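Have a look at the structure below, then the notes.
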Amino acid sequence: MTTDYDCRGGRVPAAGDGATGRWGEAVKLTKFGHACVRLEGPGGRLVIDPGALTEDAAVEDADGILVTHEHFDHFAESHVRTAAEANRNLRVWTVPAVAELLTGLGDRLQVVGHGDVFAAAGFEVEAFGTWHGTTHPDMPPVRNTGFLVDGSVFHPGDALTVPDRPVKTLLMPVHTSWCRTAELIDWVRDIAPARAVPVHDSALNGVGVAMADGLFGKHGPGINSTYVRLDPMDAIDDA
């Protein structure tokens with residue numbers, strides 16, 4: 001069973017049983033600004049959530065792009081179009097609202113949602129979740145789909161979705177308007193990844209980063225996972 005925390009203290013069930021991923025080959029993960037990461041494996045380069053706070057270099061030589069939802073800090077149309085122009089074989093997988101903005105890409109653009117399983121840039125990708133975390137009930141809901149790559153790296157976008165798969169590297173949105181710290185800690189504990197890498201952090205200054213690292217690291221209540229801070233352009237070779 002997959003669950004979405006609704007960021008109001010409850011959990012929302014979501015159906016789907018997808019495919020089992022693989023951890024067989026080393027994957028290099030590079031963090032870029034805010035919520036963007038790039039994964040590199042034997043089959044290519046896959047970029048997730050290149051937004052307006054993300055360096056141009058993130059999409060260089062990309063073979064595939066995943067976009068969880070349409071908010072500016074996760075999706076910059078210019079980044080996607082630049083990458084698509086540079087590589088005519090590049091493909092994009094995303095939610096309907098983003099797809100509506102990426103006219104002209106034809107069959108290089110695929111709309112995906114919870115339960116979909118597909119190959120992207122040499123990786124196996126499984127889609128989890130349906131809705132963005134709730135900032136306020138009076139705000140219209142936004143669709144958000146997280147991505148589990150090769151059964152190893154999980155990028156939730158802007159939601160606390162819990163995939164019903166083991167996760168090796170969890171990308172942890174540490175500074176948001178839509179969840180409380182207690183919910184975030186419980187979410188990481190529930191998934192129980194081998195490591196948690198903070199993302200969604202560009203609005204934090206140096207003091208804010210230090211506070212977050214202390215709270216989610218050795219000075220907090222414990223997330224039952226190794227907390228690994230990556231600055232932009234830092235990488236992990238065995239994600």
Considering only the stretch 142-162, state which residues are free of Cβ contacts under 8 Å to residues at least 40 places away in the same chain and not hydrophobic (A, V, I, L, M, F, W, C).
none
Among the listed residues 52, 26, 19, which satisfies the condition of being among the hydrophobic types (A, V, I, L, M, F, W, C), out of contact with any strand residue (DSSP E or B) (no Cβ under 6 Å at 6 or more places or on another chain), at pLDDT below 95 and in a loop (DSSP other than H, G, I, E, B)?
26
State which residue is nearest to residue 60 (Cα to Cα) when the search covers only the stretch 82-126 and only residues that are of a type in the set (S, T, N, Q) and assigned to a strand (DSSP E or B).
94
Of all residues in the stretch 179-193, count the ones that are outside any helix (DSSP H, G or I), at pLDDT 95 or above and buried (at least 16 other Cβ atoms within 10 Å of the Cβ).
1
Would you mind listing the strands (runs of 3 or more DSSP E) fully within the stretch 127-167 where at least 3 residues are within 20 Å of residue 183 (Cβ to Cβ)?
160-162
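The values are calculated or read from the model by the stated rules, or taken from the named source; none is laboratory data. Every value quoted in this text rests on a predicted model; they were computed, and no experiment measured them. For neighbour counting, all protein chains shown are included, and Cβ atoms are generated from backbone atoms with ideal geometry for every residue, glycine included.
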